[in-house]
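Worksheet: the structure to be examined is printed underneath.
The values are calculated or read from the model by the stated rules, or taken from the named source; none is laboratory data. Quantities reported herein were computed from a predicted structural model and do not represent experimental measurements. Using ideal geometry, Cβ is built from the backbone for each residue, glycine included, and neighbour counts are taken over all protein chains shown. Protein only, heavy atoms only, side chains kept; ligands, DNA and RNA dropped before computing areas. Shrake-Rupley method; radii C 1.70, N 1.55, O 1.52, S 1.80 Å.
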Amino acid sequence: MFRDTRTLLILFGLPVVQILLFGFALSNEVKNSPMLVCDYAQDGVSRNLIDKFSANKSFNLEEVLLSHRELNDAFKKGRIKSALVFPPRFETELARFNEAELQFIVDASDPNTANILMTYAAGLVGDYQQSLLLDYSLPYSIQPEIRMLYNPELKPSFTFVPGLLALVLMLVSVMMTSVSIVREKEYGSMEVLLVSPVNPWMLIVAKIVPYLFLALINFITIMLLSITLLDLPVNGSALLLFAESMLFIVTALSLGILISNVAQTQQVAILISLAGLLLPTVLFTGFLFPIENMPLALRYFADLVPSRWYYLIVKSVMIKGLGLLAVWKETLILFLMTASLLFLSFRSFKVRLL
Amino acid sequence: MKEKKVVIDVEGLTKCFGAFKAVDNISFEVFQGEIFGFLGANGAGKTTAMRMLCGLSLPTSGKARVAGFDIYKQSEQVKRNIGYMSQKFSLYEDLTVMENIRLFGGIYGLSHKQIKEKSSELIETLDLIEVSKKLVAALPLGWKQKLAFSIAILHKPQIVFLDEPTGGVDPITRRQFWKLIYKATSESITVFVTTHYMDEAEYCDRISMMVDGRIKALDSPQNLKMHFSASSMDDVFLRLARKAQRQAE
């Protein structure tokens with residue numbers, strides 16, 4: 001066993017990688033979550049509360065606005081995750097009625113983060129309330145009114161369906177193509193095809209097209225089940241969603257071809273597709289662990305994972321109901337990834353055996 | 001003897017894998033319509049030499065023309081004019097007999113009409129009418145190999161390369177298989193065949209014996225037996241192979 005370095009690496013290296021990943025990089029903790037404040041009150045109490053929020057590590061207070069007009073846009077673009085709105089005469093009401101309301105708006109398209117932010121915000125407001133009570137020994141009460149954007153019921157399916165979609169399409173497409181090409185190598189039929197006058201490009205295209213259709217059937221099945229059984233809304237254009245999914249499937253298929261150019265046996269192809277893709281896809285797509293909280297190196301790595309971009313697109317189109325204009329950047333990134341993967345797999349396709 | 005047309009012309013062909021010379025400076029000619037046997041022990045370099053001629057492997061040095069085309073510069077034209085049958089894979093097992101014929105006909109650029117004509121003709125001559133819609137996996141090995149050979153010459157190539165085509169087949173089926181090969185040569189298809197079976201060697205017009213990557217003998221079976229004063233091809237083979245330095249792979 002000690003002569004087999006690969007086994008050794010898996011045996012002793014994997015636990016180290018996993019403990020480091022899960023221990024440090026991946027946590028559900030929310031740090032530096034971007035937020036905006038809209039302060040109509042501009043009085044002592046609102047200013048004190050704003051100070052409390054900006055001093056807190058969980059929130060990253062970007063700006064204090066005087067009107068809420070910008071809020072909607074900032075949420076749509078995903079620039080902020082939460083916002084705090086103070087109504088006019090906040091302090092006056094608090095002094096007069098011993099009771100005042102403020103609004104905490106949170107992007108609930110990611111229910112996990114939304115829940116955590118909500119708890120943090122309630123905690124901060126509660127703390128402040130406590131300190132007021134000590135000063136005045138009067139029953140002051142500040143009521144945060146919470147608004148969940150995009151996912152008012154905090155349904156977990158809103159994150160896991162787009163995440164699952166990315167995961168399933170990725171794994172199925174990559175595995176199907178890589179195995180189907182490597183199988184031809186194993187059986188020896190690749191040899192026969194290479195001797196024939198068939199253009200290698202045609203060979204690759206012929207491998208991609210059927211699996212594109214199969215993966216699209218997968219996509220449609222998941223969507224139908226999510227809509228009918230999980231009551232998931234499709235707020236944006238279904239056609240756009242379909243087109244983006246097609247792009248993502250082609251990304252995955254070209255990745256599969258690339259793997260098949262390296263692997264010589266079906267087992268190796270499956271191993272690379274599963275071990276090499278399952279973990280990164282699960283961890284770095286963003287549906288289990290928020291990418292924003294990861295260390296910088298891992299955030300850069302996550303940017304290389306195609307499913308991360310697809311996940312963002314699906315969430316924006318399906319849940320936030322946005323159009324192509326809002327996701328063109330992610331689409332372009334995915335497109336460039338696909339183009340370079342295709343180029344690489346065509347380049348590395350071996351026309352000769354040796 | 002009248003001048004025959006040369007269809008394979010090899011000069012100093014060499015293939016090295018690192019320091020190992022798999023094929024070491026071989027030269028020979030193959031004439032149109034003949035059955036050219038390529039014999040040698042395992043690891044003697046037969047398959048590598050054949051792969052270079054088919055365009056599956058790039059030679060390290062040397063020259064070769066196959067069907068009149070240069071294997072370096074005109075590999076596309078070479079591919080169009082040859083047929084190939086490997087020992088490992090013959091046909092797609094999860095396709096039916098007809099589907100296999102259609103697939104390979106399409107790959108070699110035959111038209112729908114041609115494929116239709118040829119497939120019905122082929123199924124009739126091979127007596128496969130009853131199993132034409134059955135999966136190839138269900139056919140006996142001997143039938144599969146006959147079908148594979150017929151498919152390899154479906155597009156009427158100038159040369160057909162057979163890499164140990166009758167491995168694991170009983171002598172009777174092997175004889176039937178060779179009848180097909182003779183029929184192909186009568187249609188002026190040249191047959192280039194590698195084999196282990198010395199009885200098959202007797203069927204060839206000319207034989208080249210490869211030992212350690214080199215061609216040690218090249219002649220008709222009769223002449224070879226005479227030259228080595230051997231009673232059978234087996235004897236000739238043993239005499240030559242005994243001197244081999246290389247261990248079988």
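Work from the charge dipole of the protein assembly as shown (Cβ charges, +1 for Lys and Arg, -1 for Asp and Glu, about the Cα centre) and give the residue of B:T125, A:L279, A:M148 farthest towards its positive end.
Final value for the positive-end residue is B:T125.
Quick one: check the C-alpha center-to-center distance for segment B:1-34 versus segment A:293-354, whole angstrom.
Going from one Cα centre to the other spans 50 Å.
Under 5 Å between amide hydrogens, which residues at least 5 positions from B:G43 or on another chain qualify, with H placed 1.01 Å from N in the peptide plane?
Amide H neighbours of B:G43, under 5 Å, 5+ apart: B:E249.
If you count only protein heavy atoms and use a 1.4 Å probe, how large is the accessible surface of A:K350, to the nearest 10 Å²?
About 120 Å², ignoring ligands and nucleic acids.
Residues of A:40-50, mean number of Cβ from any other protein chain within 10 Å of their own Cβ, rounded to a whole number? Mind showing how you got there, number by number?
Values: counts 0, 0, 0, 0, 0, 0, 0, 0, 0, 0, 0.
If you average over the peptide's residues, the count of other-chain Cβ atoms is 0.
Report the far tail of the P(r) of chain B, meaning the percent of Cα-Cα pairs longer than 26 Å.
40
Determine the shielding of peptide B:84-90 by partner chains: average, over its residues, the number of Cβ atoms on other chains within 10 angstrom of each Cβ.
Mean partner-chain Cβ count within 10 Å for B:84-90: 5.
Using only the alpha-carbon atoms, how far is helix A:200-229 inclined from the longest principal axis of chain A? Give it as 0 to 90 degrees, nearest 10.
40
Distance from the Cα centre of segment A:178-240 to that of segment A:64-97, in angstrom?
Between the Cα centre of segment A:178-240 and that of segment A:64-97, the gap is 47 Å.
When all protein chains stay in place, what accessible area (Å², nearest 10, 1.4 Å probe) is found for A:H68?
110
Give the relative contact order (percent, whole number) for chain B; include only Cα pairs under 8 Å separated by 6+ residues.
Details: 446 pairs, mean separation 67.6, N = 249.
It rounds to 27 percent for chain B.
Mind listing the long-range amide H neighbours of B:E34? Cut-off is under 5 Å, sequence gap 5 or more, other chains count too, H placed in the peptide plane at 1.01 Å from N.
Long-range HN contacts for B:E34: B:V191.
What aspartates and glutamates sit close enough to A:K320 to cross-link, taking a C-alpha to C-alpha distance under 12 Å and skipping anything fewer than 8 places away on the same chain?
The reachable aspartates and glutamates, counting only those whose Cα sits under 12 Å from A:K320, are A:D73, A:D107, A:D110.
Take A:I19 and B:C16, extend 7 Å from each Cα along the Cα→Cβ direction, and tell me the distance between the two endpoints in nm.
Placing both labels 7 Å beyond Cα along the Cβ direction yields 5.0 nm.
Could you pull out the pairs from A:K76/A:K315; B:K116/B:K156; B:K118/B:K183; B:K63/B:K243 whose alpha carbons sit more than 19 Å apart here? Don't jump to the answer; show the numbers that get you there.
Details: A:K76/A:K315 11 Å; B:K116/B:K156 15 Å; B:K118/B:K183 16 Å; B:K63/B:K243 28 Å.
Where the Cα-Cα span goes over 19 Å, the pairs concerned are B:K63/B:K243.
With a cut-off of 8 Å between alpha carbons and a minimum separation of six or more residues, what is the relative contact order of chain A in percent?
The value is 18 percent.
Toward the positive end of the charge dipole of chain A, about the Cα centre and with charges on Cβ (Lys, Arg +1; Asp, Glu -1), which of A:Y311, A:F346, A:F104 goes farthest?
Of the candidates, A:F346 comes out farthest on the positive side.
Report the FRET efficiency, 1/(1 + (r/R0)^6), for A:F160 and A:F335, where r is their Cβ-Cβ distance and R0 is 22 Å, rounded to 0.05. It would help to have the intermediate numbers written out before the result.
Working: r = 26 Å, r/R0 = 1.18.
After rounding, the FRET efficiency stands at 0.25.
Convert each backbone phi in segment A:345-350 into a coupling constant with the Karplus relation 6.51 cos²θ - 1.76 cosθ + 1.60 (shift: θ = phi - 60°), then list the ³J(HN,Hα) values in order as whole Hz, x for Gly and Pro.
These are the phi-based 3J(HN,Hα) values: 6, 5, 5, 8, 5, 8 Hz.
Per residue of the protein assembly as shown, what 222 nm ellipticity follows from adding -39500 (n - 2.57) for every DSSP H run with n ≥ 4, rounded to the nearest 500? Write down the numbers at each step before the final one.
Details: 23 runs with 310 residues, N = 603.
Estimated from H runs of four or more residues: -16500 deg cm²/dmol.
Note the full-extension length gain between A:T7 and A:A55 as 0.36 nm times their separation in residues minus their Cα-Cα distance, in nm to one decimal.
Going from the current span to full extension adds 12.4 nm.
What figure in square angstrom, to the nearest 10, would you give for the accessible area of A:E153 with a 1.4 Å probe?
140
Among bridges DSSP assigns within chain A, what percent are antiparallel (round to 5)?
15
Mind ranking B:W178, A:W328, A:W309 by accessible surface for me, highest first, 1.4 Å probe?
A:W328, A:W309, B:W178
How high is the relative contact order of segment A:157-348, given as a whole-number percent (alpha carbon pairs under 8 Å, six or more residues apart)?
Reported as a whole number, the value is 35 percent.
Say each of A:L133 and A:V351 gets a label point 7 Å from the Cα, pointing the same way as Cα to Cβ; how far apart are those two points in nm?
8.0
I need the peptides B:139-146, A:220-227 ranked by packing, meaning the mean over residues of other C-beta atoms within 10 angstrom, with the highest value on top.
Working: B:139-146: 18.4, A:220-227: 14.8.
Result, highest mean first: B:139-146, A:220-227.
For A:K57, which lysines qualify as cross-link partners when the Cα separation must be under 17 Å and same-chain residues fewer than eight apart are set aside?
Excluding near neighbours in sequence, the set is A:K31, A:K81.
Once amide H atoms are built 1.01 Å from N in the peptide plane, which residues 5 or more positions from A:F59, or in another chain, come under 5 Å H to H?
Amide H neighbours of A:F59, under 5 Å, 5+ apart: A:N32, A:S33.
When DSSP assigns beta bridges and you keep just the ones with both residues in the protein assembly as shown, what percent turn out antiparallel, to the nearest 5?
Among the beta bridges of the protein assembly as shown, antiparallel pairing accounts for roughly 40 percent.
Each label point is 7 Å from the Cα along the Cα-to-Cβ direction; what then is the distance between the points at B:D70 and B:H112, in nm?
In this crude spin-label approximation the distance works out to 4.0 nm.
Any number yet on Rg/Rh for segment A:33-149, C-alpha, Kirkwood?
Taking Rg over the Kirkwood Rh, I get 0.96.
About the Cα centre of the protein assembly as shown, how large is the charge dipole given +1 on each Lys and Arg Cβ and -1 on each Asp and Glu Cβ? Please answer in debye to the nearest 20.
On the way: 60 positive and 56 negative charges, 467 e Å.
Here the size comes out at about 2240 debye.
Would you please state the base-10 log of I(q)/I(0) at q = 0.06, 0.09 1/Å for the protein assembly as shown, with intensities from the Debye formula using one equal scatterer on every alpha carbon?
The computed values of log10 I(q)/I(0) come out as -0.51, -0.83.
Pull out the extension gain between B:M226 and B:K4, defined as 0.36 nm times the separation in residues minus the alpha carbon to alpha carbon distance; nm, one decimal.
77.5 nm
How far, in nm, would the chain grow between B:A244 and B:S61 when pulled straight, counting 0.36 nm per residue and subtracting the alpha carbon separation?
63.6 nm
Apply the Karplus curve 6.51 cos²θ - 1.76 cosθ + 1.60, θ = phi - 60°, to the phi angles in segment B:114-120 and return the couplings in whole Hz, x for Gly and Pro.
Taking θ as phi minus 60°, the curve returns 4, 4, 4, 4, 5, 5, 5 Hz for segment B:114-120.
May I ask for log10 I(q)/I(0) of segment A:207-271 at q = 0.21 Å⁻¹, from a Debye sum over the Cα atoms as equal point scatterers with solvent left out?
-0.89
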